[in-house]
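Input: a single structure, listed below in structure tokens.
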Amino acid sequence: MPAVEATTPTIRKTALNAVHRQMGAKMVEFNGWDMPVEYPSAGGIMAEHNAVRTGVGIFDVSHMGDIRLAGPQALAAVQHISMNDASRLAIGQAQYSALLYPEGTFVDDVIVHRLGEDEYLLVINAGTREKDFNWVRDNTPQFDCKVEHLSDDFTQIAIQGPKAVNLLQKLTDADLSAVKFYWVTRGTINLLKAKPRRYLSDILIARTGYTAEDGFEIYIPADEVTSARVWNEILEAGKEFGVVPCGLGSRNTLRLEGKLPLYGHEISDTINVWEAGLDRFIKMEKPDFIGRAALENAKAVGVKRTLVGLEMVERGIARDGYKVLDEAGKEVGYVTSGSPAPFLKKNIALAYVPPALAEVGTRLKVEIRGQGVGAQVVPTPFYKRPKKN
Amino acid sequence: MSYPADLKYTKEHEWIKVDGSNATIGITDYAQASLGDIVFVDLPKPGSEITAGKTFGTVESVKAVSDLYAPASGTVNEVNGELATVPEKINKEANTTWMVRVTLKNPEELKNLLSAADYEKFVNEEGGH
């Protein structure tokens, strides 16, 4: 595993921790956070996963971090520290990107939101919050731009699934039909249970997610009372759509079906952009940025390993870290993430293998408890949501 | 959660139901609830020997892989073939869904196992932290 920053000895809790416990969630430690892994009352991981694929589910993702860059040179700063081209963003638009080390490997992957003329918000991973903030701050002193760590300012709730838009529209005055995927708006969230009725105004509502499904992520104040009210209100408003609370277990299986990378697995400080297959999110032609030179060299040399999707063809489940073998039984790579896929009803995995073994249809084996179990390279993403007409 | 009194239990959350020199082995209600949706069971072939306290197979949920520990030593006579296609039956009926049927080698070993009451006390303590 790649080295990450030392985590604080105390386990951190989101503002919704007590709510999860009241709902009977099974809690686990994740990157130093006490988080729900599944809600047995909602039917558990498989039921949560399938609710998001066919209806709607909600996730507490307050452990995610946020860094705001604002000032006359905010764009230049963002361009310098990230690999996608932020100059293409209109106000209210977002893009998937990454912060890179000079070696072309990953500090973290991020969503860059352009909130205003000279204002950007980077949404970062829970396990890399401090590392990312330090990285951004330390690499941008030359720019006229303020860098703020806002991770503890928000409770972040993800509302995900084909019915997410119907659910959230009941609670906000923002016209969600006008918000395209990877755009962000501001709006109210109605606090039904507050007396007298009041509104949370100016809430960030982003049409983003980590489930390979349509959906939204909302950023509300991090106090426990407001967080619990909004969470419960969403569940209440979502009853007619069969909404379920979802934990990190289904979040992981959903993102795996959609081949969305997870830091420490598909991407890390020892894996570069080409290996991870994130070519379409890097803009080599934009002004210079950290990691660019190394990646130019790496491209000329060619990659030694590449990320592929595997489907088990024999009985067995590939898991994170398992070895990948060629047909002759020789070790050729490793599984970065592996799991049963609840919606696809297959056992799938992402793995690094040499490019020569990466072609769709290639027969490989995954070593499971000392035995090579048959798998084959399949097209990815494993799951793609149906296009709307 | 229920832990029938006619079964004996391990601290690794298996149960054994003894009938003379034969026995069936499964996992407890607590184990299935902790694992969540069970999707895969890997069991020894009939004729294999299993040894008390040693692993004899694996049970997997969506999220977790868990070893199965033999409550007692013996020879596997039969494997519950149904579990290859409907492993989720363990979630629904943990106390009656046996995994392997064995002929016991040394019934004296059963004395080391927990009664239902002791097992329940054990899991309440374990689950409480």
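Since every read-out is calculated from the coordinates, none of them should be taken as a lab result. Predicted model, so just to flag it, every value in this text is computed and none were measured. Here the Cβ is made from the backbone with ideal geometry for all residues, glycine too, and neighbour counts use every protein chain on show.
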Among the lysines, which fall within straight-line cross-link reach of B:K92, defined as a Cα-Cα distance under 25 Å, with same-chain neighbours fewer than 8 residues apart omitted? A:K26, A:K345, A:K346, B:K8, B:K11, B:K17, B:K45, B:K63, B:K121
Neighbour counts of other C-beta atoms within 10 Å: give me A:I81, A:I91 arranged from fewest to most. A:I91, A:I81
Honestly region B:24-129 on the Cα gyration tensor test (a ≥ b ≥ c root eigenvalues; a/c under 1.5 rounded, otherwise a/b vs b/c for prolate or oblate) is just oblate
Take every Cα pair under 8 Å in region B:1-113 that's 6+ residues apart, average their separations, divide by the length, and report that relative contact order as a whole percent. 31 percent
Report ³J(HN,Hα) in whole Hz for each residue of region A:347-364, in order, from the Karplus equation J = 6.51 cos²θ - 1.76 cosθ + 1.60 where θ = phi - 60°; Gly and Pro get x. 9, 10, 7, 10, 8, 8, 9, x, x, 5, 10, 9, 5, 4, x, 4, 8, 9
Reach of A:K384 by Cα under 13 Å, taken over aspartates and glutamates that are not fewer than 8 positions away in the same chain: A:E213, A:D214, A:E257
Contour minus end-to-end for B:D67 and B:E12, with contour as 0.36 nm per residue of separation and end-to-end as the Cα-Cα distance? 18.9 nm
With point charges of +1 on the Cβ of Lys and Arg and -1 on the Cβ of Asp and Glu, referenced to the Cα centre of the protein assembly as shown, which listed residue (A:L310, A:A164, A:G291) lies farthest in the positive direction of the dipole? A:A164
Fully extended contour minus Cα-Cα distance, from A:V360 to A:A90, at 0.36 nm per residue: 93.5 nm
In nanometres, what is the gap between the two model label sites at A:E224 and A:S41, each 7 Å from Cα along Cα-to-Cβ? 1.7 nm
Residues with amide H under 5 Å of A:V332's amide H, sequence separation 5 or more or different chain, H placed in the peptide plane at 1.01 Å from N; which? A:V324, A:L325, A:D326
Quick one: what are the phi-derived ³J(HN,Hα) couplings along region B:35-46, Karplus 6.51/-1.76/1.60 with θ = phi - 60°, whole Hz, x for glycine and proline? 6, x, 3, 7, 10, 7, 9, 10, 10, x, 6, x
With 0.36 nm assigned to each residue of separation and the Cα-Cα distance removed, A:E117 to A:E29 gains 27.8 nm
Computed label-point distance, nm, for sites A:A300 and A:E103 using a 7 Å Cα→Cβ extension: 2.0 nm
Might you report the magnitude of the Cβ-based charge dipole of the protein assembly as shown about its Cα centre, with Lys and Arg at +1 and Asp and Glu at -1, to the nearest 20 debye? 1080 debye
Residues A:H49, A:H20 in order from fewest to most other beta-carbon atoms within 10 Å are A:H20, A:H49
Quick one: Karplus J couplings for region A:233-240, per residue in order, coefficients 6.51, -1.76, 1.60, θ = phi - 60°, nearest Hz, x for Gly and Pro? 5, 5, 4, 5, 5, x, 3, 5
Under a Cβ-only charge scheme (Lys and Arg +1, Asp and Glu -1), can you give me the dipole magnitude of region A:141-267 about the Cα centre, in debye to the nearest 20? 400 debye
Quick note on B:T55, B:T10, ordering by fewest other C-beta atoms within 10 Å, gives B:T55, B:T10
State whether region A:180-284 is rounded, prolate or oblate according to the following rule on the C-alpha gyration tensor (a ≥ b ≥ c being the square roots of its eigenvalues): a/c under 1.5 gives rounded; otherwise a/b larger than b/c gives prolate, and the remaining case gives oblate. prolate
Region B:91-129 and region A:27-72: distance between their alpha carbon centers, rounded to Å: 34 Å
With only Lys, Arg, Asp and Glu charged, each at its Cβ (+1 for the first two, -1 for the last two), find how big the charge dipole of region B:11-121 is about the Cα centre; round to the nearest 20 debye. 120 debye
With N denoting the number of residues in the protein assembly as shown, provide Rg(C-alpha) divided by 2.2 N^0.38 Å, to two decimal places. 1.06
Quick query: amide H of A:V107 versus all other amide H atoms, modeled in the peptide plane; which residues come in under 5 Å with a sequence gap of 5 or more or a different chain? A:L99, A:L100, A:Y101
Mind listing the long-range amide H neighbours of B:S48? Cut-off is under 5 Å, sequence gap 5 or more, other chains count too, H placed in the peptide plane at 1.01 Å from N. B:V76
Any idea what the relative contact order of chain A is, in percent, if you count C-alpha pairs under 8 Å spaced at least 6 apart? 18 percent
Taking the alpha-carbon centre of each part, the distance from region A:331-364 to region A:102-131 in Å is 28 Å
Largest first, please: the extent of the C-alpha atoms of region A:254-381 along each principal axis, to the nearest Å. 49, 32, 23
Here FRET efficiency (C-beta to C-beta, A:T54 to B:K105, R₀ 56 Å, nearest 0.05) is 0.65
Number of Lys-Lys pairs in region A:171-284 under 27 Å by Cα, sequence gap 8 or more or different chains? 6
